[in-house]
Every structure is written in structure tokens, then in C-alpha cells.
Amino acid sequence: MNSLVDKINKTIYKDYPFYKGVKPKVSENTKGELLLVYEKSEKTEDGLTLPMLLRVKADAQGNIKSVSGSR
């Protein structure tokens, strides 16, 4: 499973550079599909903390099926 996560990470880090270096929380359902959740927070110009979340669903072969995020 680590090689699948590495493959997904490579794509996510390329497409979403804000998340580069963020280690995802990985869960697997009964069909072998993966859900990766990347979480981080950024400081805004006025000093507030903005939580950021990226959810990635992938099949058992590591192909990304959907990506959703919050700002």
C-alpha cells in the first residue's frame, strides 16, 4: 500500500504544491479503495489561521478518482 500512497502523493504534490510535504491520513474501505486526507493550516495576512483540507479518493491501483478541498 505504501507504493500506492507514494504514487498518489507524487501526483498531489505536483498538482497542489501547497500540500507538498504534508503526510496524508490514509484509510481503506472494504473494496480496497483509498481515502487520503491532507491537512495543514496557513496564516493569513491579518494573522488568522486558515485550516486547509484536501480529500483524495483513489482506486485499489492508485488511480485518483476524485479530489475535493476546502480553503
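Values quoted throughout were computed directly from the atomic coordinates according to the rules given, and no laboratory measurement underlies them. Quick caveat, the model's predicted, so the values are computed rather than measured. Cβ: placed from backbone, ideal geometry, glycine included. Neighbour counts: every protein chain shown.
Structure summary
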quantity	calculated
Within the chain: Cβ-based charge dipole about Cα centre, in debye rounded to nearest 20 (Lys, Arg +1; Asp, Glu -1)	140
Rounded tilt (10° steps) of 2-15 against the dominant C-alpha axis of the chain	40
Cα-only radius of gyration and Dmax that characterise the chain, units Å	13.0, 45
222 nm mean residue ellipticity, helices alone, for the chain (DSSP H n ≥ 4; -39,500 (n - 2.57); rounded to 500)	-6500 deg cm²/dmol
